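As structure tokens, the structure follows; a few thoughts come after it.
The values are calculated or read from the model by the stated rules, or taken from the named source; none is laboratory data. This structure is a prediction, so every number in the text was calculated from the model and none was measured. Cβ: placed from backbone, ideal geometry, glycine included. Neighbour counts: every protein chain shown.
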Amino acid sequence: MSPEKSNKLLIIKYLCSITLSFISLSVFGQIFSNAQNPLSVKWNYIHSGGFKIIYPQELEKEAQRMANTLPFIYPKIGIGLRQQNTSIPLLLQNRGTIANGFVQLGPRKSEFYTTPPQYFDSQDWLNNLAIHELRHIAQFDKLTGGRKHPFPELVYFAYFGAGLPTWFFEGDAVVNETALTESGRGRQPNWIMPFRASLLEEKKFSYSKAYFGSNKDVTPGYYQTGYLMVADMKEKYGQFISDSLLGDIRRRPLRLYPFSQSLKKITGKNTKKYFLSTQEKLAQKWKDQSEKIQVENYERLNQKTSLATNYFLPVRLNKNQILALKESKQNARFFTIINEDKTEQKLFGIGYQENPWFSYKNGTIVWDEIRYDPRYKQQSYSVICSYNLKTIKFKKLSSRSRLFSPALSEDGKKIIAVKVELSNQFNLVEIDASSGKILKIYSNPENEILQTPGFDRSGNKIAYISVSEKGKSLWLMNGERKTLLISNSRQQLSRPVFIQDKIVFNAHFNGIDNIHSIDTLSKKISALTHSKYGAFNPAETEDDKIIFNDYKINGYEIAEKTFTEKPVGENTFVDFSSAAEKQENVGNVFENIPDSTYQSKRFRQGLNLFSFHSIIPVIDNEYVFGLELQSNNLLNTMDFYTGTKYHRDLKRFEYTAEVSYKALYPIFSVLYRNRPKRTFYRAKNAIQQGDWRENYFKLNASVPLSFNARNQNYSFTLNAATSFTQRYMPENMPINFIRELKFPLEYNFTFNHSVRTTERDIAPKWAQVFRATYNHQPFDKNLGGEIMALESFFYFPGFAKNHSFLASFNYQKASGVNQYATEIATVYGYNNILAKSKLQNSMLFNYRFPFAFPDWELSSLAYVRNFRAGLFCHYENIGVGTNFGEPKTYGVELNSSLNILRYQPVVDVGARLVFVNKIYNQNPILEFSFNYSF
């Protein structure tokens, strides 16, 4: 992409980007995807109501179901916003193994990722997505007024993000999904468990900390914060409070903090005050709840920490050692062994998992993790890995598979797992733990969603969870005979395991997640734990005890207790959505869905390459500005833009167009510009001004590849480009003015390796980046010259956690017309120092470290997340002339991550003091930086 393209209107890009953070479902928190599917995927589409459902052919049955569902439920979902009709394309994505869903503008569409996670709500997955995402569609329609304007989408998207906080959009959708069904995240105690634990421990949050999170503490999350605030609004101000807020913002959009001002107008409180009052109400409600329940306290078996830390799925290796999956704000997920004295031995890190999961038996660990296709990132896999503690050997038991929640038999020879086909067919499969070969497939004719199976001691019986629109069920399978133990419950049943002669599982019968047992003959349910905040993930020990996760204020800890059964107790759950449910008064919105058959047609990618959606202003700098028409097609396979800009200093127009085709393995792009140019040159001992216009064509091809293996990430990018420039209409140019620049060639190769990072890391603990660049002009004898550049960046751990040391060594050789070009990393302050020689090499040393995580709320101006500092020492042209030992520049830097004006993007601001080698007679240089990310 061209430099001018990348510098388009900052305000539009910034505001559009804000909205990206609220369009996703909470399972993975993914910002909407620009990735592609393999070209081999064949697509169909169905028109139903206002929905155009586009889907891979394997999903015909699910597409027909959604074609019946979406138009039927949308009026009920939109009634609280007075929205009854809509029109939007909806894509069903089946190639990935990460559960998600989103709505976006630019282009307007929604996407459902059809493979469900192994732990989610007690209802059908696609229904779960539908009720949440359709509420976002109604929000978009309400705020934009439903009016049709030519190409407004990115402007609307920007307006959407600028006008409303993320927590409101997501909170409103979660209230809606809870009020209109018998499920919903608002009915899950573990979903709001971190907030409840903090308030009952008398640790209250500032509004900004609850909204934006923290680098040190467990915080509620903006989904949970938004749900509780919007539920309170509906209880106090009625069914149409969201409609009133969005309507007032639409009528009066040009204000600072429009949502807060509209909220104050209607409720008398701005966002901060409303949050604080809601927090007080929650604390009292949960305090009243805690007084009704009997609580047991459990001894902590892991180290005490003041930092948010989780020890997932503990199991005993022996009487003195515990194996767990650990993660924290400082460390990405890894296996650790905890000794009797609570000291720890780190084993190894693993790759991304949607839900923490592993199984241990007979010296072997198995787990699943996500692996991506090297090129087409819409396609991912869930593979099974194993590690033998005795032989210290890893195995990848499956490749390009869709296998989830593997659990070992007692002897460690078999694995039971869930397999999900591209058609969304679910089956349990039995796998050889040595070879990875599938030994047996268990039929699932009803095709209920299957979750977290486990073997008994004999390896003959299997317990598992199934999910349908009717709820969750617990099953016992013995050969081909299945016994239903718990039927269609709205309990969050999860991870059944065999302990003694019972099946032990998690549920929230008393309003708090605890561990329970069920007798397989009498089906009597008993409670095994009475945790104050939540108990999860039981495992059997050798002395009639269970070891499990006990949730505390800083995360999931490890506890142990004797296997004793007690009555379940009264349900004390505090349902904050009850008022909204009564207001909606529709029961379960998924009852009585029609069962029509819709005509499906082939969706041909070649005929759907363009989807024009926006005309936006663009500003390159204070002199160049204009308008741009954009197109991005629904499958993310082709991007196109065209526009015109006015050069205020030259008083002339520029015309630009670019197309990028991303469906093939290489990505091809073609750029055209017709632009005015000006230069100054010396002639007759005077400085002359010359002008011309030029046609500029550029062709670029790139192959971006990346893959991951456990906690290691690798990427390769190969790029090649050429261009042609034709200059015409010269004014006051010299006789030797060159009118054509003929096909210079550019090549670039980049390799990157890094280990998985966590949110406190400034850089990976270990990483290597190598980049090679070569530019030359073989077809133009008048413009000889070339440049070859080699760059390397090596990241190492620092002296403490999350510290980073970078060593960068770079070399370039340039000649001819490229002799003054710069293709390598330069010393800090480079552009402000008069060069004494051509740049040939650089050697850069940087040490960076975080030193404070204050979580300061500075009124509504900023939320300060952290402070970071750094030292640097940079060398240039080592070995050239007499320059051997002294650095060219050195100094210090200070940075901070902020949320400014209560917007979601994280803004990084910094200052750098650069001292220059005395031979340059240069005063110290003060530089400032400003960047943002999500």
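In segment 76-84 there is no residue that is at negative phi, out of contact with any helix residue (DSSP H, G or I) (no Cβ under 9 Å at 6 or more places or on another chain) and at pLDDT 95 or above. Checked against (1) assigned by TED's automatic domain parsing to the domain that holds Ala763; (2) crowded, with 17+ Cβ neighbours inside 10 Å, Tyr830 passes all but a single condition, namely (1).
Could you pull out the residue among Arg682, Arg710 that is modelled with pLDDT under 95 and crowded, with 19+ Cβ neighbours inside 10 Å?
Values: Arg682 fails: crowded, with 19+ Cβ neighbours inside 10 Å.
Every option except Arg710 fails the conditions.
Going through segment 683-731 one residue at a time, which ones are aliphatic (A, V, I, L, M), in contact (Cβ under 8 Å) with a residue 24 or more places away in the chain and within 22 Å of Leu650 (Cβ to Cβ)? Passing the criteria: Ala683, Met729. Considering only segment 150-158, I want to know if a residue exists there that is under 30 Å from Gly471 (Cβ atoms) and in contact (Cβ under 8 Å) with a residue 12 or more places away in the chain. No. Listed here are the strands (runs of 3 or more DSSP E) enclosed by segment 350-439 that have at least 2 residues being over 25 Å from the mean Cα position of the chain (by Cα) and among the aliphatic types (A, V, I, L, M): 364-372, 403-408, 414-420, 426-432.
For segment 598-654, name all the residues that are of a type in the set (A, V, I, L, M) and farther than 28 Å from Ala35 by Cα. Steps first, answer last, please.
First, the residues of segment 598-654 that are of a type in the set (A, V, I, L, M): 607, 609, 615-616, 618-619, 624, 627, 629, 634-635, 638, 650.
Within segment 598-654, Val624, Leu650 meet the criteria.
Scanning segment 315-336 for residues that are surrounded by fewer than 17 Cβ atoms within 10 Å (Cβ to Cβ) and either free of Cβ contacts under 8 Å to residues at least 12 places away in the same chain or closer than 23 Å to Arg756 by Cβ (or both) returns a single hit, Asn318. Out of the residues in segment 367-415 meeting the condition of being within 30 Å of Pro56 (Cα to Cα) and among the basic types (Lys, Arg), tell me which one is surrounded by the fewest Cβ atoms within 10 Å (Cβ to Cβ). Step by step, filter segment 367-415, then rank; the result is Arg400.
Where in segment 88-176 are there strands (runs of 3 or more DSSP E), lying fully within it, with 1 or more residues that are among the β-branched types (Val, Ile, Thr), crowded, with 24+ Cβ neighbours inside 10 Å and touching a helix residue (DSSP H, G or I) at 6+ places or on another chain (Cβ under 9 Å)?
Numbers: elements: 88-93, 100-104, 109-113.
Answer list for segment 88-176: 100-104.
Among the conditions (1) modelled with pLDDT under 95; (2) of a type in the set (A, V, I, L, M, F, W, C); (3) closer than 20 Å to Ser206 by Cα, the only one that Leu256 does not satisfy is (3). Among the residues of segment 423-451, those that are farther than 16 Å from Val383 by Cβ, surrounded by fewer than 19 Cβ atoms within 10 Å (Cβ to Cβ) and among the hydrophobic types (A, V, I, L, M, F, W, C) comprise Leu439, Ile441.
Any idea how many residues of segment 67-91 are in contact with a Ser or Thr (Cβ under 8 Å, 6 or more places away or on another chain) and closer than 16 Å to Asp595 by Cα?
Looking only at that region, the number is 4.
Only one of Asn695, Asn736, Asn674 is surrounded by fewer than 17 Cβ atoms within 10 Å (Cβ to Cβ), part of a loop (DSSP other than H, G, I, E, B) and polar (S, T, N, Q). Can you tell me which?
Asn736
Just name the residue that is surrounded by the most Cβ atoms within 10 Å (Cβ to Cβ) out of those in segment 499-522 that are over 30 Å from Leu200 (Cβ atoms) and touching a Ser or Thr at 6+ places or on another chain (Cβ under 9 Å).
Filtering segment 499-522 for residues that are over 30 Å from Leu200 (Cβ atoms) and touching a Ser or Thr at 6+ places or on another chain (Cβ under 9 Å), the one surrounded by the most Cβ atoms within 10 Å (Cβ to Cβ) comes out as Ile503.
For segment 563-586, the set of residues classified as part of a loop (DSSP other than H, G, I, E, B) and under 21 Å from Met233 (Cα atoms) consists of Phe573, Val574, Asp575, Phe576, Ser577, Asn585, Val586, listed by residue number.
Residues are listed down the side, and each one gets a yes or a no for (1) within 19 Å of Ser183 (Cβ to Cβ); (2) in a loop (DSSP other than H, G, I, E, B):
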site	(1), (2)
Thr452	yes, no
Ser466	yes, no
Ser473	yes, no
Leu476	no, no
Phe509	yes, yes
Ser517	no, no
